[in-house]
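This report refers to the structure that appears directly beneath it.
The values are calculated or read from the model by the stated rules, or taken from the named source; none is laboratory data. Keep in mind the model is a prediction, meaning the values are calculated, not measured. So basically every Cβ, Gly included, is an ideal-geometry build from the backbone, and we count neighbours across all protein chains shown.
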Amino acid sequence: MNEVVHYDVERAIATVTLDSPANRNALSSRLVAELTGHLDRAAADDAVRAVILTHTGTVFCAGADLKEQSGEGGPESGTKRMLALLRSIIELPKPVVARLDGAVRAGGIGIVGACDMALASSATSFAFTEVRLGLAPAIISLTTMGRMTERAISRYYLTGEKFDARVAAECGLISAATDDLDAAVTEIADALRACSPQGLAETKSVTTHDVLLTFDDRAEDMQSLSARLFGSDEAREGIISFIEKRLPRWAAE
């Protein structure tokens, strides 16, 4: 079986690439397992200074694998996997830089929030789609609320509206929006190559200290909320309507 996440190292930078276009890089158990394995591999490699997290195709990540969530293992397993993945990115002892060049939705935004830096092209768009499915951005609030302004959080959590890279940069979700993504990523990678491995590890622990405290304080409650909502009648209708490409019964026209 071909892998859905690729790993490559060049000049002290590990590139981890999501490559499951058939399901829009949704967070299936297989994709999460491979992604986590590659992150662990980078963490254990003394030759790796930092990680670039990127993707193939026009979607960085569509969020939870909704078909899988309703199948074997149920929402409990999926929400626990998501929680563990986000924490692994935050606590990785090396900087993680998201390279975004397409749609980022729901749980995919949670991954972006967990990264230390995020650069996005003008083709990138974002949306917290949970509220339109009868869900809430519960687990991903752990990595996005500390990044975004309060007004932006209220608007985009509550409306599920799509917003562009410029808005994402203005509200603090990403580091920068750029018309030359490759050049911007190369600039950051070169800057990280010039840094001490020890300096990077210790400095990252400073920048993530408060994030991890908040994460661990709220993680259990947010995971329980997410699992409960995924199992609700309203969310089941929202997910089925999404799969069937129709409005849910509860949507006001």
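Right, L119: buried (at least 24 other Cβ atoms within 10 Å of the Cβ), of a type in the set (A, V, I, L, M) and under 15 Å from D164 (Cα atoms) or not?
Values: buried (at least 24 other Cβ atoms within 10 Å of the Cβ): yes; of a type in the set (A, V, I, L, M): yes; under 15 Å from D164 (Cα atoms): yes.
Criteria met by L119.
Of the residues A33, A84, A42, A14, which is crowded, with 17+ Cβ neighbours inside 10 Å, hydrophobic (A, V, I, L, M, F, W, C) and in a helix (DSSP H, G or I)? Reasoning before the result, please.
On the way: A33 fails: crowded, with 17+ Cβ neighbours inside 10 Å; A84 fails: crowded, with 17+ Cβ neighbours inside 10 Å; A14 fails: in a helix (DSSP H, G or I).
A42 is the lone residue from the list that is crowded, with 17+ Cβ neighbours inside 10 Å, hydrophobic (A, V, I, L, M, F, W, C) and in a helix (DSSP H, G or I).
Looking at (1) within 9 Å of the chain's Cα centre (by Cα); (2) in a helix (DSSP H, G or I); (3) aliphatic (A, V, I, L, M), can you tell me which one V104 breaks?
Unmet for V104, out of (1) within 9 Å of the chain's Cα centre (by Cα); (2) in a helix (DSSP H, G or I); (3) aliphatic (A, V, I, L, M): (2).
Kindly provide the set of residues from the range 155-194 that are touching a residue at least 12 places away in the same chain (Cβ under 8 Å), farther than 27 Å from S141 by Cβ and loosely packed, with under 14 Cβ neighbours inside 10 Å, ordered by number.
Result: D179, R193.
With at pLDDT 95 or above, within 23 Å of D233 (Cβ to Cβ) and either more than 12 Å from the chain's Cα centre (by Cα) or assigned to a strand (DSSP E or B) (or both) as the only criterion, which of L119, L135 stands out?
On the way: L119 fails: within 23 Å of D233 (Cβ to Cβ).
Only one candidate passes the filter, namely L135.
Which condition from (1) surrounded by fewer than 19 Cβ atoms within 10 Å (Cβ to Cβ); (2) modelled with pLDDT of 95 or more; (3) hydroxyl-bearing (S, T, Y) is the one that S77 breaks?
(2)
Out of V9, V48, I need the residue that is in a loop (DSSP other than H, G, I, E, B), within 23 Å of L119 (Cβ to Cβ) and modelled with pLDDT of 95 or more. Which one?
After ruling out the rest, the residue left standing is V48.
Can you spot a residue in the range 231-242 that is touching a helix residue (DSSP H, G or I) at 6+ places or on another chain (Cβ under 9 Å), among the aromatic types (F, W, Y) and either under 19 Å from S88 (Cβ atoms) or outside any helix (DSSP H, G or I) (or both)?
Checked the range 231-242: no residue is touching a helix residue (DSSP H, G or I) at 6+ places or on another chain (Cβ under 9 Å), among the aromatic types (F, W, Y) and either under 19 Å from S88 (Cβ atoms) or outside any helix (DSSP H, G or I) (or both).
Mind listing whichever residues of the range 206-221 are more than 18 Å from I140 (Cβ to Cβ) and of a type in the set (S, T, N, Q)?
T207 - this is the single residue of the range 206-221 that is more than 18 Å from I140 (Cβ to Cβ) and of a type in the set (S, T, N, Q).
Residues D65, D8: which one is under 21 Å from K94 (Cα atoms) and either more than 17 Å from the chain's Cα centre (by Cα) or not hydroxyl-bearing (S, T, Y) (or both)? Show your work before the answer.
Working: D65 fails: under 21 Å from K94 (Cα atoms).
Unique residue meeting the criteria: D8.
If you check L192, L247, which single one turns out to be out of contact with any Phe, Trp or Tyr (no Cβ under 6 Å at 6 or more places or on another chain), in a helix (DSSP H, G or I) and of a type in the set (A, V, I, L, M)?
Details: L247 fails: in a helix (DSSP H, G or I).
The conditions single out L192.
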